[in-house]
Amino acid sequence: MFRSVPLALWAALLGSTALAADSIKHGFLATGGETFITDESGKTVWKYPHATRDGWVLDNGNVLLALSKSKTHPGGAVVEVNRDGKTLFEFKGTQSEVNTVQPLDGGTVLLTEAGDKPRVLEVDRDGKVVTEASIQAQTKDHHLQTRMTRKLASGNYLVPQLLDRVVREYDPKGKIVWEVKTPHMPFTAIRLADGNTLIGCTHGDLVIEVNKDGKEVWRVTNDDLPTKLISDACGVQRLENGNTVLTSYRTTSNQTKLFELTRDKKMVWTYTDARKVGIHHFQILGANGKPEKNPLR
């Protein structure tokens, strides 16, 4: 069962009446122990029977997913499926895990492989590797090598490296061209339009924003909230209106799993459900169930 906390209550907790305005609503794709899509009312309108790490609703309505490792996919995988669950594309991971997927122009797909040779790959729809960039990361713990890697408009790759506690930008040949140390393990790193980088720091229970020089210019922690809602700050998305949505992955039944904050850290939307698992990452969708044109996630 879905539950959204009334904004009037949050307004009272925060000492603000501005939040008691019209209720904000979001549909979204959720990845993690359960993979599903909700509409703006909180109703589940689609489910996929596999645990996932990352995913995107595409313009045509299909869903691109990074699958968690399993007996059927021991190295993880990337799949594109339609709403009937039919697999239209599959690339099986060749190492320990696949932790990232991103649709690219021209129909190619970006993914990361964790393992003894961590790397970023771009593959075409025939499963052929067209680009490969090595990642300079520790190899003693494959699971904590990387998470939500994204290709930038420049052609470079922005890579959060958890156990190394660093976000690095690599060029297509694997050369490090920018990096910033993080106060805890980075899960999400998003390059914003102004050149700043938004970073979700997992077990640190915080989200930070740094400028091009690596200087922190914004931060949100549980100290900024009426209750301690951040519990494993994994997925993060910056909306077109400047608000930030983040997930608390280490949550269970009837705990807040997603919430939206304004720039001045006012709560304007929350999502709670009865699922026993948290949300690993997510994609906010519009009223028509389609993604934003330029999602920053």
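Condition check: in contact (Cβ under 8 Å) with a residue 12 or more places away in the chain, open to solvent by 10 Å² or more (accessible area, probe 1.4 Å) and part of a loop (DSSP other than H, G, I, E, B). Does residue 194 satisfy that? Please lay out each step first, then the result.
Details: in contact (Cβ under 8 Å) with a residue 12 or more places away in the chain: no; open to solvent by 10 Å² or more (accessible area, probe 1.4 Å): yes; part of a loop (DSSP other than H, G, I, E, B): yes.
No, not satisfied.
Checking the structure you have, find out if any residue of segment 94-104 is out of contact with any Leu (no Cβ under 6 Å at 6 or more places or on another chain), free of Cβ contacts under 8 Å to residues at least 40 places away in the same chain and among the small types (Gly, Ala, Ser). Write out each step before concluding.
First pass over segment 94-104, keeping only residues out of contact with any Leu (no Cβ under 6 Å at 6 or more places or on another chain): 94-97, 99.
Subsequent filtering for residues that are free of Cβ contacts under 8 Å to residues at least 40 places away in the same chain retains 94.
So of that shortlist, the ones also among the small types (Gly, Ala, Ser) come out as none.
Within segment 94-104, not a single residue is out of contact with any Leu (no Cβ under 6 Å at 6 or more places or on another chain), free of Cβ contacts under 8 Å to residues at least 40 places away in the same chain and among the small types (Gly, Ala, Ser).
Anything in segment 205-227 that is touching a helix residue (DSSP H, G or I) at 6+ places or on another chain (Cβ under 7 Å) and either open to solvent by less than 30 Å² (accessible area, probe 1.4 Å) or at pLDDT 95 or above (or both)? List them, or say none. Steps first, please.
Residues of segment 205-227 that are touching a helix residue (DSSP H, G or I) at 6+ places or on another chain (Cβ under 7 Å), as a first pass: 205, 226.
If the condition is that a residue be touching a helix residue (DSSP H, G or I) at 6+ places or on another chain (Cβ under 7 Å) and either open to solvent by less than 30 Å² (accessible area, probe 1.4 Å) or at pLDDT 95 or above (or both), then 205 is the only one that fits.
Condition first: farther than 15 Å from residue 128 by Cα and in contact with an Asp or Glu (Cβ under 6 Å, 6 or more places away or on another chain). Now tell me which residues in segment 63-97 satisfy that.
Taking segment 63-97 and keeping what is farther than 15 Å from residue 128 by Cα, we get 63-76, 80-88, 95-97.
Residues satisfying the conditions are 64, 66, 69, 76, 88, 95.
Anything in segment 96-123 that is outside any loop (DSSP other than H, G, I, E, B) and open to solvent by 10 Å² or more (accessible area, probe 1.4 Å)? List them, or say none.
Step one: filter segment 96-123 for residues outside any loop (DSSP other than H, G, I, E, B), giving 97-103, 105-107, 109-114, 119-123.
Result: 97, 102, 103, 105, 106, 107, 119, 122.
Restricting to segment 149-184, name every residue that is touching a Cys at 6+ places or on another chain (Cβ under 8 Å) and either buried (at least 21 other Cβ atoms within 10 Å of the Cβ) or in a strand (DSSP E or B) (or both).
182
For the structure I just gave you, tell me whether residue 202 is open to solvent by less than 20 Å² (accessible area, probe 1.4 Å), at pLDDT 95 or above, closer than 26 Å to residue 101 by Cα and not hydrophobic (A, V, I, L, M, F, W, C).
Working: open to solvent by less than 20 Å² (accessible area, probe 1.4 Å): yes; at pLDDT 95 or above: yes; closer than 26 Å to residue 101 by Cα: yes; not hydrophobic (A, V, I, L, M, F, W, C): yes.
Yes: the conditions hold for residue 202.
What do you reckon, is residue 175 out of contact with any strand residue (DSSP E or B) (no Cβ under 8 Å at 6 or more places or on another chain) and within 29 Å of residue 74 (Cα to Cα)? Walk me through how you get there before you give the answer.
On the way: out of contact with any strand residue (DSSP E or B) (no Cβ under 8 Å at 6 or more places or on another chain): yes; within 29 Å of residue 74 (Cα to Cα): no.
Against the criterion (out of contact with any strand residue (DSSP E or B) (no Cβ under 8 Å at 6 or more places or on another chain) and within 29 Å of residue 74 (Cα to Cα)), residue 175 does not qualify.
Counting only residues that are aromatic (Phe, Trp, Tyr) and either under 19 Å from residue 208 (Cα atoms) or within 13 Å of the chain's Cα centre (by Cα) (or both), how many does segment 245-297 have? Full working, then the answer.
Keep residues of segment 245-297 that are aromatic (Phe, Trp, Tyr), which gives 249, 259, 269, 271, 282.
Restricting the remaining residues to those that are either under 19 Å from residue 208 (Cα atoms) or within 13 Å of the chain's Cα centre (by Cα) (or both) gives 249, 259, 282.
So the count comes out to 3.
The values are calculated or read from the model by the stated rules, or taken from the named source; none is laboratory data. These figures come from a predicted structure and were not determined experimentally. Because the Cβ atoms are built from the backbone with ideal geometry, glycine has one as well, and the counts that use them run over all protein chains shown. Ligands, DNA and RNA are stripped out before the accessible areas are found, and what is left, the full protein with its side chains, is counted by its heavy atoms. Shrake-Rupley method; radii C 1.70, N 1.55, O 1.52, S 1.80 Å.
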